[in-house]
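A.B. asks: One structure follows; several queries about it will come next.
The values are calculated or read from the model by the stated rules, or taken from the named source; none is laboratory data. The structure presented is a predicted model; accordingly, all values stated were derived computationally and were not measured. Cβ: placed from backbone, ideal geometry, glycine included. Neighbour counts: every protein chain shown. The protein model used for the area step is the full one, side chains on, heavy atoms only, and it has no ligands, DNA or RNA in it. Shrake-Rupley method; radii C 1.70, N 1.55, O 1.52, S 1.80 Å.
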Amino acid sequence: QERSIEVKVGILILVSLGILAAFVLVMGGLSFEKTYPILVDFDNPGGLQTGAPVRIAGVKVGKVDELRFMGGQVDPKTNRRTLVRAKLAVEVRVRESIRENADFYVTTQGVLGEQYLAIEPGSPEKPKLAENVVVKGIDPPRLDLFLAKAYELLDTTMNGIRTTASSSRTSRPTPPGC
């Protein structure tokens with residue numbers, strides 16, 4: 001009788017640990033799909049982080065494996081200066097969809113959502129993108145730079161208006177009879 005309760009408790013603990021492990025794997029986004037690497041160069045990838053999802057038409061097809069700061073060195077493969085290189089792990093099942101003229105860009109899910117790398121697959125007439133190829137990504141819009149430029153423009157405009165207003169007050173002719 002006592003042995004039976006111990007066995008039942010042991011089985012309950014093992015089943016609970018199994019469910020917990022499955023939950024962690026599912027929520028962690030662990031995928032057993034085979035992947036292949038694509039390297040994407042950016043001048044500024046915004047807030048993209050290692051582990052961020054890679055999506056085609058909103059469907060997750062991989063993740064960002066690595067973000068490496070290249071420091072503006074000229075890459076001998078591409079002959080262009082590269083600041084940041086992202087190494088993507090993209091599932092092999094979508095390999096046929098990604099073409100040489102595909103676009104790679106950083107975007108967000110929703111207004112304040114997580115950042116991810118989106119792929120626009122490109123034209124079906126073009127050849128498929130090779131493994132380990134280096135492509136140029138499209139940098140996300142820099143809202144901070146836009147706001148800084150807008151503030152500078154507003155400041156310049158306000159100073160111009162003040163200067164014009166003060167010079168028009170001092171250069172007004174005095175009306176006759178005053």
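A.B. asks: Kindly evaluate residue 34 against the criterion of being in contact with a helix residue (DSSP H, G or I) (Cβ under 6 Å, 6 or more places away or on another chain) and open to solvent by 90 Å² or more (accessible area, probe 1.4 Å).
C.D. replies: yes
A.B. asks: Moving to a separate point now. Are any residues in the range 98-112 more than 12 Å from the chain's Cα centre (by Cα) and surrounded by fewer than 18 Cβ atoms within 10 Å (Cβ to Cβ), and if so, which ones?
C.D. replies: Listed by number, the residues that qualify are 99, 100, 101, 103, 110, 111, 112.
A.B. asks: Please determine, by comparing only the residues of the range 104-124 that are without any contact (Cβ under 8 Å) to a residue 12 or more places away in the chain and touching a strand residue (DSSP E or B) at 6+ places or on another chain (Cβ under 8 Å), which one is nearest to residue 141 (Cα to Cα).
C.D. replies: Filtering first and then ranking leaves 108.
A.B. asks: I would also like to ask the following. If only one of 3, 55, 68 is part of a strand (DSSP E or B) and open to solvent by 100 Å² or more (accessible area, probe 1.4 Å), which one is it?
C.D. replies: 68
A.B. asks: Follow-up. Please indicate, with yes or no, whether at least one residue in the range 83-97 is touching a strand residue (DSSP E or B) at 6+ places or on another chain (Cβ under 8 Å), under 28 Å from residue 143 (Cβ atoms), acidic (Asp, Glu) and open to solvent by 40 Å² or more (accessible area, probe 1.4 Å).
C.D. replies: So far as the range 83-97 goes, no, none of its residues is touching a strand residue (DSSP E or B) at 6+ places or on another chain (Cβ under 8 Å), under 28 Å from residue 143 (Cβ atoms), acidic (Asp, Glu) and open to solvent by 40 Å² or more (accessible area, probe 1.4 Å).
A.B. asks: Which of the residues that make up the range 71-82 are open to solvent by 60 Å² or more (accessible area, probe 1.4 Å) and either part of a strand (DSSP E or B) or within 26 Å of residue 33 (Cβ to Cβ) (or both)?
C.D. replies: Scanning the range 71-82 gives 73, 74, 81.
A.B. asks: Looking only at the range 12-31, decide whether some residue is touching a residue at least 40 places away in the same chain (Cβ under 8 Å) and either closer than 28 Å to residue 141 by Cβ or basic (Lys, Arg) (or both).
C.D. replies: no
A.B. asks: Against the definition (of a type in the set (A, V, I, L, M, F, W, C) and either part of a strand (DSSP E or B) or in contact (Cβ under 8 Å) with a residue 24 or more places away in the chain (or both)), how does residue 39 come out, yes or no?
C.D. replies: In short, yes.
A.B. asks: Considering each of 62, 29, 46, 18 in turn, give the residue that is at pLDDT 90 or above and either touching a Pro at 6+ places or on another chain (Cβ under 8 Å) or polar (S, T, N, Q) (or both).
C.D. replies: Answer to the selection: 62.
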